[in-house]
Amino acid sequence: MVAKPVIIGDVYFPRKGDAQQACRDLLYRYPPGSVIDDPPDEAFLHDLLELHQDAAGKRGVGIDHFEVRLTEEFHQPGFFIIRVDGTVTDFSFLRCLTPATHRDRVLTAMRRAVKDQVVAFKQEALAEDGPRSARSPTQWSPRPTSTSTIMTPTSSPLPKTTQPTTAASRRSASSTATA
């Protein structure tokens, strides 16, 4: 596969991966909550934003400054635009370098449509049972949906001859077999 060069403003990157790494380096140079106030970094972000599919929508009424904040959805550092009217939006440097396809936009819309339900389900499950790490694996199994086979923590689908054994029971079995 041939490497695709990327140009962000006056900066040439021989490969898209190099441009992504430069964006990551810039992002992690500032701790969350910091204003990006270094003029070359600000200029780079303005140029990067021009590559976004919705650059005009992201700019809005105008950009006052950029910040690094934790994203609401993933709680990871991200670039945020603070507009001159005080409104805030984030933007993904990955979306600037690789525009979203129709499939990407549809999948994102579907994930966001069920996000509240997923969060509520997880919160309810944690409230009822505690974290999974505190439960035994037998408590993780789904509730039966039919009456065909109902498993209990003591039952097993394996025949008796293939039941897992402990080291002590194997020693006991081998001593009775040799006697």
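Going residue by residue through region 20-27, is there one that turns out to be in a strand (DSSP E or B) and among the polar types (S, T, N, Q)?
no
Looking at region 106-128, which of its residues are closer than 16 Å to PHE74 by Cβ and either of a type in the set (D, E, K, R) or in contact with a Lys or Arg (Cβ under 8 Å, 6 or more places away or on another chain) (or both)?
The answer is ARG111, ARG112, LYS115, LYS122.
Just one of the numbered conditions (1) basic (Lys, Arg); (2) over 23 Å from the mean Cα position of the chain (by Cα); (3) farther than 24 Å from LYS4 by Cβ is not true of ARG15; which one?
(3)
Exactly one of these conditions fails for GLN117: (1) farther than 26 Å from ASP18 by Cα; (2) polar (S, T, N, Q); (3) modelled with pLDDT under 85. Give me its number.
Failed condition: (3).
So which residues in region 7-50 are closer than 24 Å to GLU67 by Cβ and either among the basic types (Lys, Arg) or touching a Lys or Arg at 6+ places or on another chain (Cβ under 7 Å) (or both), if there are any at all?
ARG24, ARG29, PRO32, GLY33, LEU49
Out of all the residues in region 49-63, which are closer than 22 Å to ASP10 by Cα, out of contact with any Cys (no Cβ under 8 Å at 6 or more places or on another chain), not β-branched (Val, Ile, Thr) and not in a loop (DSSP other than H, G, I, E, B)?
ALA55, ALA56, LYS58, ARG59
What are the residues in region 72-87 that are part of a strand (DSSP E or B) and either surrounded by fewer than 10 Cβ atoms within 10 Å (Cβ to Cβ) or not aromatic (Phe, Trp, Tyr) (or both), if any?
Across region 72-87, the qualifying residues are PRO77, GLY78, ILE81, ILE82, ARG83.
LEU94 versus (1) in a helix (DSSP H, G or I); (2) closer than 23 Å to GLN20 by Cα; (3) without any contact (Cβ under 8 Å) to a residue 60 or more places away in the chain: which is the lone unmet condition?
(3)
Considering every residue within region 93-103, establish whether at least one is loosely packed, with under 12 Cβ neighbours inside 10 Å and among the basic types (Lys, Arg).
Taking every residue of region 93-103 in turn, at least one turns out to be loosely packed, with under 12 Cβ neighbours inside 10 Å and among the basic types (Lys, Arg).
The values are calculated or read from the model by the stated rules, or taken from the named source; none is laboratory data. Please read these numbers as outputs of a predicted model, since none were measured by experiment. In this analysis, Cβ positions are derived from the backbone assuming ideal geometry, glycine residues included, and neighbour counts consider all displayed protein chains.
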